[in-house]
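The values are calculated or read from the model by the stated rules, or taken from the named source; none is laboratory data. Keep in mind that this is a model prediction, so the values were computed, not measured. For neighbour counting, all protein chains shown are included, and Cβ atoms are generated from backbone atoms with ideal geometry for every residue, glycine included.
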Amino acid sequence: MRTELDTRERRDAAETLRRARESVAAAVTDEFLTRHPDWVGRYGDRARRHGLEDARFHLAFLASAMEAGSTASFEAYARWTSRMLSSRGIASAFLAENLEQIGVALGEHLEEPSAAFGRELIAAAIAAAVSEEAGGDEVPGASRLDLSRQMFTQAALAGNRKAALTVVREALRTGSTITDVYVDVLQPSQYEVGRLWERNEITVATEHVATAVTQSVLAQLYPELGTSTVRRGPAIVTGIEGELHQVGGHMLADVLEADGWDVRFLGTNLPADGVLRLAKDTAPRIVCISATMLFNLPAVVSLIEALRTQGPRPAPRIVVGGGLFRHAPDLWKEIGADGFGADLRAGIEVMREVSQEAN
Ligand code: B12
C-alpha cells in the first residue's frame, strides 16, 4: 500500500534528507567501495569522487521527488541515470545497489512513515532502471530528449545547477547539438515552469530559481558554441522597453553568433532610442526583436517605425519573435516586420533568407 504524507511532512522529510546529503553520500560510497574493491583498482581516485557525486545526485533528486510527492519524477531520474551509466559500460544493477543502500540509510535519518515513503520511491526507481536497461517502454512520439527535458526541469526547479549542467552535457555527449538542447530541453522546460507558476503549483521565487539555472547553463555553454567560417555581417538582438523576458533573445543571440553573425545582444527593457543609436553606430544588416507580452506590442511597432524612418541606411531587415508572435503567427506581417521565427531553428533560417534579400 502506498504511504500518504501531507505537504508539510513531505517538505520536512525532503529538508532532513538535504541536510543529511553529504554524510549519507559519504557513507553509501565508502560502503559500496568496500563491497567492490575492484572499482578502486579500475578507476583509482575517481571511483570515490564519482561515487560521491552520483550519490549526491540520487539524494538531491530523491529529496525533490519526496517534496513533490512524485514517484514518476524519481522513476524518470532512474531511467535517465540508467541510460547514462550504461553508455559508460556500467550495469544498472550497480545503480540499483546504490539506491538500495540509500533506502537503508533513510531509516537512520527519517521517522516513519516518511522513511517508508522514501523506500517506496526507491523501489519504483529501481524497477524503472532495470526496465530501462532491458529496453525500456518506448513512449510513442517521445523525442530522444524528452527524458533530458524532464530531468533538466527537475534540476532547475530544485535550483541544482550542477545537475542541470550534467543533464545538458550528457545530451550533448550523446549527439544532440546545442540548438537541439536549447529548443528541445531548455525552452520547453521554461514553458513548463511557466505552466506550474500559472497553476499556482510553484511560487514566483521557484520560477526565478529555475530561470537562473537556465541562464547559468546558457552562460556555461556559450564558449562551446563554435564559430562559423561564413561571415554574415553585423546583427542586433534586442528586447524592448517594458519587456522583462530575455531568455529567448539570449538563446537567439548565441546561436546566431555561432551561425556567423557578428551579434550585439542588448538584453531587454531598454528605450527605443538606445537601440536606434546603436543601430546607427553599427549599421546592422538585421535587427531581431524579441517580445513576449501582448501589452508590449505598441513598443515593438514604434521601434520598427523608428528604425525604418530614422535608422541607418541601408535600412536593416527586421525579424521578430518570442511568445507574443508565436501565439499570433501572422502578426509580424501586420506590423511590417520582414520576418518571424517561431523558434531558434526557424530563426536561423529566416535570418539567412532575409539577409540574402536586397537591403
Ligand atoms: C521566466 C519568466 C518570467 C521572468 C523573466 C526573467 C527573464 N530574465 O527572462 C519574469 C519573472 C521577469 C517574468 C515576468 C512576467 N511574466 Co513571465 N514567464 C516566464 C516564463 C516562465 C519563461 C520565459 C522563458 O524563459 N521562456 C523560454 C524562452 C526560450 O522561450 P521564448 O521566449 O518563447 O523564446 C523562444 C522562441 O520564441 C524564439 N524567440 C524568442 N525571441 C525571438 C526573437 C526572434 C527575432 C526570433 C526569430 C525568435 C525568437 O526563440 C526562443 C528559443 O526557441 C514564461 C513561460 C513561457 N511560456 O514562456 C512566463 C510567461 C511568459 N510570463 C507570464 C506573465 C503573465 C508574466 C508577468 C505579467 C507576471 C506578473 N504578474 O508580473 C510578468 C511580465 C513582465 C514583463 N513586463 O515582461 C505569462 C504570459 C502569459 C501571456 N501570454 O500573456 C507566461 C506565459 C507564464 C504563464 N504560463 O502564464 N516572467
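Could you check region 306-323 and list, in sequence order, the residues that are in contact (Cβ under 8 Å) with a residue 24 or more places away in the chain and more than 8 Å from the ligand (Cβ to nearest atom)? Before the answer, list the steps.
Going through region 306-323, the residues in contact (Cβ under 8 Å) with a residue 24 or more places away in the chain turn out to be 306-308, 310-312, 314-323.
ALA306, LEU307, ARG308, GLN310, GLY311, PRO312, PRO314, ALA315, PRO316, ARG317, ILE318, listed by residue number.
Would you confirm whether or not region 198-205 contains a residue that is under 13 Å from the mean Cα position of the chain (by Cα) and assigned to a helix (DSSP H, G or I)?
Just the residues of region 198-205 that are under 13 Å from the mean Cα position of the chain (by Cα), to begin with: none.
The answer is no, given that none of the residues of region 198-205 is under 13 Å from the mean Cα position of the chain (by Cα) and assigned to a helix (DSSP H, G or I).
Would you confirm, using the coordinates I've provided, whether THR16 is touching a residue at least 12 places away in the same chain (Cβ under 8 Å), closer than 24 Å to GLU133 by Cα and in contact with a helix residue (DSSP H, G or I) (Cβ under 9 Å, 6 or more places away or on another chain)? Walk me through it before giving the result.
Values: touching a residue at least 12 places away in the same chain (Cβ under 8 Å): yes; closer than 24 Å to GLU133 by Cα: no; in contact with a helix residue (DSSP H, G or I) (Cβ under 9 Å, 6 or more places away or on another chain): yes.
It is false that THR16 is touching a residue at least 12 places away in the same chain (Cβ under 8 Å), closer than 24 Å to GLU133 by Cα and in contact with a helix residue (DSSP H, G or I) (Cβ under 9 Å, 6 or more places away or on another chain).
How many residues are closer than 18 Å to ALA346 by Cβ, in a helix (DSSP H, G or I) and more than 9 Å from the chain's Cα centre (by Cα) if we restrict to region 162-183?
Of the residues in that region, 4 qualify.
Return yes when ARG56 is closer than 26 Å to ARG149 by Cβ and in a helix (DSSP H, G or I) and no when it is not. Steps first, answer last, please.
On the way: closer than 26 Å to ARG149 by Cβ: yes; in a helix (DSSP H, G or I): yes.
Considered against the rule, which asks whether it is closer than 26 Å to ARG149 by Cβ and in a helix (DSSP H, G or I), ARG56 comes out as yes.
Being modelled with pLDDT under 95 and not assigned by TED's automatic domain parsing to the domain that holds GLN187: is that true of ARG277 here?
Working: modelled with pLDDT under 95: no; not assigned by TED's automatic domain parsing to the domain that holds GLN187: yes.
Spelling it out, it is not the case that ARG277 is modelled with pLDDT under 95 and not assigned by TED's automatic domain parsing to the domain that holds GLN187.
Quick check on my filter: what residues within region 50-75 are surrounded by fewer than 23 Cβ atoms within 10 Å (Cβ to Cβ) and within 13 Å of ALA127 (Cα to Cα)?
Residues satisfying the conditions are THR71, ALA72, GLU75.
Which of the following residues is touching a residue at least 60 places away in the same chain (Cβ under 8 Å) and not hydrophobic (A, V, I, L, M, F, W, C): SER70, SER82, SER92, SER87?
Result: SER87 is the single residue among SER70, SER82, SER92, SER87 that is touching a residue at least 60 places away in the same chain (Cβ under 8 Å) and not hydrophobic (A, V, I, L, M, F, W, C).
Within 15 Å of the ligand (Cβ to nearest atom), within 29 Å of GLN220 (Cα to Cα) and among the acidic types (Asp, Glu), is that true of ASP259? First the steps, then the outcome.
Values: within 15 Å of the ligand (Cβ to nearest atom): yes; within 29 Å of GLN220 (Cα to Cα): yes; among the acidic types (Asp, Glu): yes.
Judged against the criteria, ASP259 is a match.
Being in contact with a His (Cβ under 7 Å, 6 or more places away or on another chain) and either assigned to a helix (DSSP H, G or I) or surrounded by fewer than 16 Cβ atoms within 10 Å (Cβ to Cβ) (or both) narrows it down to one of THR3, THR34, THR16, so name that one.
Answer to the selection: THR16.
Please go through (1) without any contact (Cβ under 8 Å) to a residue 40 or more places away in the chain; (2) within 8 Å of the ligand (Cβ to nearest atom); (3) touching an Asp or Glu at 6+ places or on another chain (Cβ under 9 Å); (4) of a type in the set (A, V, I, L, M) for ALA342 and return the number of the only condition it doesn't satisfy.
All conditions pass for ALA342, except number (3).
Could you tell me whether region 225-233 includes any residue that is more than 17 Å from VAL185 (Cα to Cα), crowded, with 18+ Cβ neighbours inside 10 Å and in contact (Cβ under 8 Å) with a residue 12 or more places away in the chain?
Initially, region 225-233 is screened for residues more than 17 Å from VAL185 (Cα to Cα), giving 226-233.
Subset that is crowded, with 18+ Cβ neighbours inside 10 Å: 232.
Subsequent filtering for residues that are in contact (Cβ under 8 Å) with a residue 12 or more places away in the chain retains 232.
Yes; the residues of region 225-233 include at least one that is more than 17 Å from VAL185 (Cα to Cα), crowded, with 18+ Cβ neighbours inside 10 Å and in contact (Cβ under 8 Å) with a residue 12 or more places away in the chain.
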